[in-house]
Amino acid sequence: MALPKPHIAILLLRGLSLVFLSISLLLLANNSPTYEYNGSRYMFAAFESYSYMFGISAIGIGYTLLQTIAFIILQIMMKNDKYLVFAFYGDKAISYLLASAASAGIDARLLAEMYMEYWRAPIRRVEKPI
């Protein structure tokens, strides 16, 4: 039995969402430069807004996996419409969280630039050890 086109579209979009959230999480985890100033090292991850953005990306991945499993079980296998309410309110909540995480990421970048301009000292980037 073939799946209807709307079900295929929903599964493809959930997969696409999972891919983009995974890429975001990997970039956040691996792209945190360390700066050295007066013998001290500072990491971009030390900013709270960066940590918030990282945590919300992880929550988004978990939610996407949960919703995909719920869609397969409730909508495809059991043909139950209770999934629609869960999907509607869940999508609203996660979209607000992701939007606030994106604005927190902009805040982290602006704070880092502000601190570096404020001190106007020779800050050099330290490469990560291999």
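FYI, it's all coordinate maths here, none of it is from the lab. Nothing here was measured: the structure is a model prediction, and the numbers come from that model. With ideal geometry, Cβ positions are generated from the backbone for all residues, glycine too; neighbour counts draw on all protein chains shown.
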Quick one: Karplus J couplings for the range 80-88, per residue in order, coefficients 6.51, -1.76, 1.60, θ = phi - 60°, nearest Hz, x for Gly and Pro?
-> 9, 8, 5, 4, 4, 5, 4, 5, 5
With x for Gly and Pro, the residue-by-residue ³J(HN,Hα) of the range 12-17, computed from phi through the Karplus equation 6.51 cos²θ - 1.76 cosθ + 1.60 at θ = phi - 60° and given in whole Hz, is 5, 5, 5, x, 5, 4
Glu113 to Asn30: extension gain in nm, 0.36 nm per residue of separation minus the Cα-Cα distance?
-> 27.9 nm
What's the extension gain from Lys92 to Ala70 if we count 0.36 nm per residue and subtract their Cα-Cα distance?
-> 6.3 nm
Going highest first, how would you order 55-61, 74-80 by mean Cβ packing within 10 Å?
-> 55-61, 74-80
